[in-house]
Structures are given as structure tokens and as C-alpha cells.
Amino acid sequence: MKLTPKVEIKISNRTIVRIILLVLAAVLFIKFISNVSHILELLFVSAFLSLALNPAVGFISRYLKLKSRSVATGIAYSAVVIFLAGFITLVVPPLTRQTIDFVRQAPATISSLKDNNSTVGHFVTRYNLQDNVNGLSDNIKQRTKNIQQPVITTASRIGSALISILTVFVLTFMMLVEGPQLLRLWWQLHPVDRRDHDKGLALRMYQIITGYVNGQVLLAAIGAVLTLIALLISSTLLHVSVNVLALAGIVFMTGLIPMIGHVIGGVIVVLACAIVSLPLALIMAIFLLLHQQIENVTLQPYIQAKYNELTPLTVFVAALLGIGFGGLLGAFVAIPAVGCAKILLVDYIDSRGLRVA
């Protein structure tokens, strides 16, 4: 009977120290990434926006024959700030007043449901729902009395969001101004034998991003125009006064987010209409739901497929995966990221001679 020889494994102290150091480095790296994740998100968003706005800055610079890129960027930024300021001025004050009035009148409105002269009041009396109505009214009164703390919390979150937005604005401005110079330096340090090839790849990926932005702006504009028409027709038929331009503007702004943007805008529009008229809110809810479903399976995939050289199915799947993986940010960058990945994959296949005719 043969004896199995014993195998001894010796690990040197140097190897153990290396393993410990690698584990510590990995832990510190993960902790570092966790601590700066928000900053990295802001940098990523700023870089994406700078690429998206670069064609507009270039157009202004060429059209006005400006030698300073800072001036052209400043003009583009001024136009964006003026647009946003006008939009906020148009939307926020009326919606705030309507919401405050609705909250104040809610208890009285619910109490009036007990009036036997109205259809709803007759329904409440017939099915003995007076106690439920009284409980609902008292609950709303209690909640409106203790509304200060939620308002303070919401104001704090809004303040943090405004700081992040301001940071993105500053970073994007600096990237637009200094980006071309940094890019030239990068290509100078790039290997000469691959410079032209990699420049071509970078240009194609840049066109993917700008095409994606153009396509999303087109989709948002279509949604805003259709919402404006629907609001004008329905409010006229119901003899209801509503700020149609403000609500259409909300749909446009939220429509810049793929797949779920019009859902967010639709909820805001329906809530705003409900404050004024419940029938109007119902009509707009049906219209916006149909529009969102039709857009997600027709306009969204086909327009983005045209601009990003992707199939409609790929666009649809990429948007869904982006939403599930990264929320709003993932939804915003998923489609151009997949388009850029496709360019790199095709280039890799071509360089290895793996493509099948």
C-alpha cells in the first residue's frame, strides 16, 4: 500500500503582509468611493452636460465670431438661466397659491359632502358615511396644524438640491471653457500610432451623446405641445381656468428624463388640475397615461434608435435597466452609454478580425 506523500505549503511573511496590505487598501478604497460617491455623481453629470452643451457653445462662438470661448459659454449659460428663471417664475407662484388654498379649504370641502342637497351628500347620507367623512375632516385638520415640521424637512432637502445644482452649473461651465484645451493636451500625450483611430472613436461617441440629447429634447417638446393642446381643449369645454403654459412647461422639463419623465410630469399636471377641477384632472390623467404608454413603445425607442444607431428594442431595454440600476441618473445616461459601448465593442471585434460576413 502506497502512502500519500504529505504536501506542505509555506507562506512567507512577506506574502502575508502583502495580503493584509491589499485587503486594507481595498477596504480604504471602498470607503473612499462611498464617501465621495455624491461628488463623483456631480462630476459625471457635469461631464455629460458639458458634452451635451458643447455644440450650442460652438454654434454661438461661430455665429457671433467670438474668439473667447468663455464669452460664448457665458452667453449660453445666460440663456439657460433666463429660461429657467422665467419658467420658475411662471410655474411656482400660481401652483403654490393653488396648493395653499386647496389645503386650507380641504376640511370645509370634505365637511360639505354631508350636505343632503348635493349628489355626493345624498350618497353619504344614504349609506351612513357621516362618521367616515367627519373622521377624514378631523384627520386633515390635524395634519394641516402639524405641517411645519414636514415643511422644514422639505425646505432642507430643497436647499441641498439647490447646492448640488449650483455645483453642477459651475463644474459644467469650467469643463466647457477648459475642455478643448485639456482635450488637446490629452491627444498630444496619446500614442501617435493610435491617435487618429482613437480620435475617430471619440468623435463617434461624442455624436452619440449629442444625438441622444437632441432626440430627448424632441420627445419632450412633442409631449409638451400635445399636453398644451389637451389642456386648452379640456379646460375650454369644462369652463375651467388653468395655467396651461406652466403645466406644459413642466411636462417639457420632466420629459427630458427618458421613459419615466412624462410619468413624473403627468402626476404633477394631474395634481395641479385636481386642485382646480376633478373632471379636468380625470381627463388629463387618461390622456397623459395613453400618451406615456404610446411614447414608450413607439416614439421613444424609434427616435433614440435613429440618433444612437441602436435598435428600438436595445433602446427600450437599456432605458429600463438604467432606471432599475441608477434611478433618474441611470435613466438619463443608459441609452448613450449603451450606444458608446456598442461602438467600442464593434471596434474591438473589427480589430480582432472576428466579424462574420
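The values are calculated or read from the model by the stated rules, or taken from the named source; none is laboratory data. Nothing here was measured: the structure is a model prediction, and the numbers come from that model. Here the Cβ positions follow ideal geometry from the backbone for every residue, glycine too, while neighbour counts run over all protein chains shown. These accessible areas exclude ligands, DNA and RNA; they are computed on the full protein's heavy atoms, side chains included. Shrake-Rupley method; radii C 1.70, N 1.55, O 1.52, S 1.80 Å.
Does the stretch 302-324 hold any residues that are under 20 Å from Thr254 (Cα atoms) and at pLDDT 70 or above, and which are they?
Listed by number, the residues that qualify are Tyr302, Ile303, Val315, Phe316, Ala318, Ala319, Leu320, Leu321, Gly322, Ile323, Gly324.
Within the stretch 285-296, how many residues are open to solvent by 40 Å² or more (accessible area, probe 1.4 Å) and at pLDDT below 85?
Residues in the stretch 285-296 being open to solvent by 40 Å² or more (accessible area, probe 1.4 Å) and at pLDDT below 85: 2 in total.
Restricting to helices (runs of 4 or more DSSP H) lying wholly in the stretch 29-142: which have 1 or more residues that are at pLDDT below 65 and open to solvent by 90 Å² or more (accessible area, probe 1.4 Å)?
On the way: elements: 37-63, 69-111, 119-126.
Of the helices (runs of 4 or more DSSP H) lying wholly inside the stretch 29-142, those with at least 1 residues that are at pLDDT below 65 and open to solvent by 90 Å² or more (accessible area, probe 1.4 Å) span 69-111, 119-126.
Is it the case that the stretch 255-267 has a residue that's free of Cβ contacts under 8 Å to residues at least 40 places away in the same chain, out of contact with any helix residue (DSSP H, G or I) (no Cβ under 7 Å at 6 or more places or on another chain) and β-branched (Val, Ile, Thr)?
Restricting attention to the stretch 255-267, the residues satisfying the condition of being free of Cβ contacts under 8 Å to residues at least 40 places away in the same chain are 255, 262-264, 266-267.
Applying the additional criterion that residues be out of contact with any helix residue (DSSP H, G or I) (no Cβ under 7 Å at 6 or more places or on another chain) yields 267.
The next check asks that each one be β-branched (Val, Ile, Thr); those that pass are 267.
Yes, that holds for at least one residue.
Mind counting the residues in the stretch 191-207 that are of a type outside the set (Val, Ile, Thr) and over 10 Å from Cys340 (Cα atoms)? Break it down stepwise before answering.
The initial filter retains those residues of the stretch 191-207 that are of a type outside the set (Val, Ile, Thr), namely 191, 193-207.
Checking which are over 10 Å from Cys340 (Cα atoms) leaves us with 191, 193-200, 203.
Residues that pass the stated criteria total 10.
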